[in-house]
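To start, the structure itself, in structure tokens.
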Amino acid sequence: MKRGVVGLSIFLSLSLMPAYTATPPKAGSLCSKQGITKTYKGKIYKCKKIKGKLVWSKGKLVRQAAPVISAMPTPTPAPSPTPTLTTSPNPTQLKIPLASLPHSWPLEKSADENLVLIADASVRKYIEDATKLPNINLLTGPKTDRIAAANYLRFLEKAAIGWGKDWLPDQVDVAMAQVDDYEWIKPLWKQYGLDGGGFDNSESTWRGNGADCNQGSAIYEKVPFFWGCLPKNQTTGIGLDKFGPHEYMHLVQHGIIYYENGRNYRNFPYLLSEGSADFYGVTYASTAENARENWETYWAQGYIGSSAKAALKSADVAEIESLLLDSMKSGEKASGHWYWTGAYVTARLVAAKGHESFVAFMKTYGKSGDVFKSFDEIYGMKYEKFVRIIAPEIKKLTSKLRE
């Protein structure tokens, strides 16, 4: 795995656009676009059209130099007023939902539609006294509106304060650039370690989604860092609002799993890595009052690729079980579904034993590298049994998912 990369080469599907993921390529398996390449376990794979189908080629061995963080000077933002990344309301002022809900929901008990609100309330109660905040260093390109960038990240500070009780770095660097600032952001990717390892830094890919690009990823080498492509025509809604908290969660995962636990294991499997990023992304981009509405929107829109949506909607309970097991291993089936299904899985875990236990889960996994053993240790249940319990719930939830 590329050294220090979290959420590498992931274009977040913040609208209804297809989501590109870091699924390991396999010779002969389907790929999405002719000519793209991926590097995996020391080999480079290329997407080719063979007999009318786009498939991955046989991998060729490739050598890559380690990135040099100090090779470039720290970029200087374009002169402009420095906005303060503020959120409203402050996390200390958030209120628990007024609905009468239980404080937790056992894993072994079938859940209803209020499950996610129980998890949401659990997180809010935990962070209600959080006050510490790392320095958030916002970098913007010369053609990028700095005020608009700060607005796009308006929920980032809330996430950073909330996570400050569990993980508090000195500084987080965030680079935001509109599509015309490609030449500015490209060297930053290399400076922070996003160079090779399957990361596509080509201008054609950068511009592929146009002025309303929705791209971003996170990496933690010497300094926690994430970047995003700022849409020129910003809209409002949970799909975009969750961007900052989602990427921050990747940095949290890497900080807790890797840096605080011996630097042996870097990140969760797809289901938990992207799923928990979306769960906490939606939670921190919501208030107690609009959480239900935002989650209803999230379950309906999905913010995943059309093929993943189709696979989920057509799947029976047994097939959903298979997807939940696969995405904790190789992640070869229905690529990208794990954002949506993983958000529900994370909500289930947080509702059962609280936010603290999910943090303990990350720490335990960081020590052993065995996600199934860690799950059993923290939640007192085999993951396979848990999957059998929640698969019918996810099947029911797919009825809300729009094409």
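The values are calculated or read from the model by the stated rules, or taken from the named source; none is laboratory data. Since this is a predicted model, take the numbers as computed values, not measurements. Neighbour counts run over all protein chains shown; Cβ positions are idealised from the backbone, glycine included.
Some points to look at:
- Residues satisfying the stated conditions in segment 162-181, i.e. surrounded by fewer than 19 Cβ atoms within 10 Å (Cβ to Cβ) and of a type outside the set (A, V, I, L, M, F, W, C): 164, 165, 169, 170, 171, 180
- Of the listed requirements (1) without any contact (Cβ under 8 Å) to a residue 24 or more places away in the chain; (2) crowded, with 20+ Cβ neighbours inside 10 Å, residue 139 misses just one: (1).
- Of the helices (runs of 4 or more DSSP H) lying entirely inside segment 177-283, those containing at least 3 residues that are over 30 Å from residue 329 (Cβ atoms) span 182-191, 203-206.
- Segment 308-335: number of residues that are out of contact with any His (no Cβ under 7 Å at 6 or more places or on another chain), in a helix (DSSP H, G or I) and either without any contact (Cβ under 8 Å) to a residue 40 or more places away in the chain or among the aliphatic types (A, V, I, L, M) (or both): 10
- All of 329, 367, 333, 396 fail the test of being at pLDDT below 95, under 25 Å from residue 303 (Cα atoms) and over 18 Å from the mean Cα position of the chain (by Cα), apart from 333.
- Among (1) farther than 12 Å from residue 346 by Cβ; (2) of a type in the set (D, E, K, R); (3) in contact (Cβ under 8 Å) with a residue 60 or more places away in the chain, the one test that residue 293 misses: (3)
- Picking from residues in segment 371-393 that are within 24 Å of the chain's Cα centre (by Cα) and among the hydrophobic types (A, V, I, L, M, F, W, C), the one that is nearest to residue 359 (Cα to Cα) is 378.
- A residue that is of a type in the set (D, E, K, R), at pLDDT 95 or above and under 21 Å from residue 401 (Cβ atoms) occurs nowhere in segment 244-258.
- Every residue from segment 133-147 that is of a type in the set (Val, Ile, Thr) and out of contact with any strand residue (DSSP E or B) (no Cβ under 9 Å at 6 or more places or on another chain): 147
So that you can scan it fast, the table gives a plain yes or no per residue for (1) aromatic (Phe, Trp, Tyr); (2) in contact (Cβ under 8 Å) with a residue 40 or more places away in the chain; (3) in contact with a strand residue (DSSP E or B) (Cβ under 9 Å, 6 or more places away or on another chain); (4) within 14 Å of residue 221 (Cα to Cα):
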{"site": "239", "(1), (2), (3), (4)": "no, yes, no, no"}
{"site": "254", "(1), (2), (3), (4)": "no, yes, yes, yes"}
{"site": "258", "(1), (2), (3), (4)": "yes, yes, yes, yes"}
{"site": "269", "(1), (2), (3), (4)": "no, yes, no, no"}
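- In segment 110-122, residue nearest to residue 381 (Cα to Cα) [restricted to those that are out of contact with any helix residue (DSSP H, G or I) (no Cβ under 8 Å at 6 or more places or on another chain) and surrounded by fewer than 22 Cβ atoms within 10 Å (Cβ to Cβ)]: 112
- Pairing residues of segment 364-378 that are more than 9 Å from residue 265 (Cβ to Cβ) with residues that are in a helix (DSSP H, G or I) and of a type in the set (D, E, K, R), at Cβ distances under 6 Å and at least 6 apart in sequence or on separate chains, gives 364/377.
- Among the conditions (1) crowded, with 17+ Cβ neighbours inside 10 Å; (2) under 18 Å from the mean Cα position of the chain (by Cα); (3) farther than 30 Å from residue 34 by Cβ, residue 219 misses just one, which is (3).
- Count of segment 116-139 residues which are within 22 Å of the chain's Cα centre (by Cα) and not aliphatic (A, V, I, L, M): 7
- Scope segment 152-176; condition closer than 26 Å to residue 261 by Cβ and in a loop (DSSP other than H, G, I, E, B); matching residues: 164, 165, 166, 167, 168, 169, 170
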